[in-house]
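Single-structure report; data block below.
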Amino acid sequence: PAPELGPRAHLLLPDLIDARVVVPDRPHDPAEVRAADRFDRIKRTRAFRVSTNSLGFRGPELRTPKSGPRVLCLGDSVTFGWGVPYADSYPARLANALGVEVVDAGVPAMKPSTMAAWAQAHAHGLDPDLVLFTRRPDWGGPDAYRDFERSVRLVQRAVSPTPVAVIMPPVSTFDVMGAKQQQIEVTTVRRMLPDVSILDLTPSFRAALPLPGVILEQDGAIQRVLRLPERAVVLEVSAPEHGLAQEIVEMFEDDRAVAEPLFFDGGHPTSEGFIVFVSAVTAW
């Protein structure tokens, strides 16, 4: 939770100036962040600063009237740029790469249905020329795929005739469920949205390896941490029913040099990761 950004960090306050946010700097389960003893559990942290414009978006004031093409990036914390300076976020890097205005409408913990509701209320008034819906299905609900399809269709109707494209953020190897579901998600979403352009960024992140660092492989009931580039086994433990083995979490806590290339916490890209992210988006 980051109350300095707004209510439960789900609605951003306007006109923030360098609000300081401290977050875990290793893979973690959401329950760990909410635990009463989280300050004892999580010693490995990173801090970043957040400023917002008068509309509550991370980034500069919007041009009024707009002077050229405008891209609207809808999304959650990945679009927001969780854990990195704004200049390193994907919307900021995309603006520089394309030479156009890019609106960072990413809000931490935004779900597809919430993104759709926000777009229905606000997107048309921003007059975008392209909308990038950046999210994977939300498995916290009863029917993740139908919710995702419905959310994209609602955004399409909200901004019609402006085109809407879908970006599926990269999955960390330390996201056990995400890694297992990744290819199934892509295949299913493409089948449900055959007329929508869809980019899955996980292959781009995997293609950027090997870089120095560690990755996770799950082989049945075994979780295995491998050191890159030689793929030497660093740790091999029994896999829990859900998530990461505690021994792996402790490995990250004990040695700050242990890190997955291009990710910092099992879900969010580093500044270097966003270079790979935007390179793939720009080419697409």
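The values are calculated or read from the model by the stated rules, or taken from the named source; none is laboratory data. Remember, it's a predicted structure, so these values are computed and weren't measured experimentally. Note that each Cβ is placed from the backbone with ideal geometry, even for glycine, and that neighbours are counted across all protein chains shown. What goes into the accessible areas is simple: the full protein's heavy atoms, side chains included, and nothing from ligands, DNA or RNA. Shrake-Rupley method; radii C 1.70, N 1.55, O 1.52, S 1.80 Å.
Along region 113-124 the Karplus relation, 6.51 cos²θ - 1.76 cosθ + 1.60 evaluated at θ = phi - 60°, assigns HN-Hα couplings of 5, 5, 4, 5, 4, 4, 4, 4, 7, 10, 5, 4 Hz to successive residues, with x for each Gly and Pro. Report for the chain the percent antiparallel among DSSP-assigned beta bridges with both residues inside it, nearest 5. Counting only bridges with both partners in the chain, antiparallel ones make up about 55 percent.
Over what distance in Å are the Cα centres of region 41-73 and region 226-272 separated? Result: 29 Å between the Cα centres. Pairwise Cα distances in the chain exceed 32 Å for 23 percent of all pairs. Using 0.36 nm per residue and subtracting the Cα-Cα separation, the extra length available between Leu228 and Asp254 on full extension is 7.5 nm. Built from the Cα atoms of region 46-161, the convex hull projects on average onto 7.5 nm², one quarter of its surface area. Ordered from longest to shortest, the equivalent ellipsoid semi-axes for region 215-284 are 26, 14, 12 Å, each the square root of 5 times a Cα gyration tensor eigenvalue. Measuring gaps between exposed loop sites in the chain (GluC sites (Glu not before Pro); DSSP loop; at most 10 other Cβ atoms within 10 Å), the longest gap, sites not included, is 62-229. For Ala221 and Ala121, a Förster radius of 45 Å and the Cβ-Cβ distance give a FRET efficiency of 0.45, rounded to the nearest 0.05.
Partner lysines whose Cα lies under 24 Å from the Cα of Lys66, excluding those fewer than 8 positions away in the same chain, are not found. Contact order for region 36-189, expressed relative to its length and based on alpha carbon pairs under 8 Å spaced 6+ residues apart, stands at 21 percent.
Among the protein heavy atoms of the chain, carbon and sulfur supply 54% of the accessible surface, probe 1.4 Å, non-protein parts ignored. The alpha carbons of region 1-60 occupy a box of 36, 19, 15 Å along the principal axes, longest dimension given first. The dipole here belongs to region 1-158: it is taken about the Cα centre, uses +1 on the Cβ of Lys and Arg and -1 on the Cβ of Asp and Glu, and is about 180 debye.
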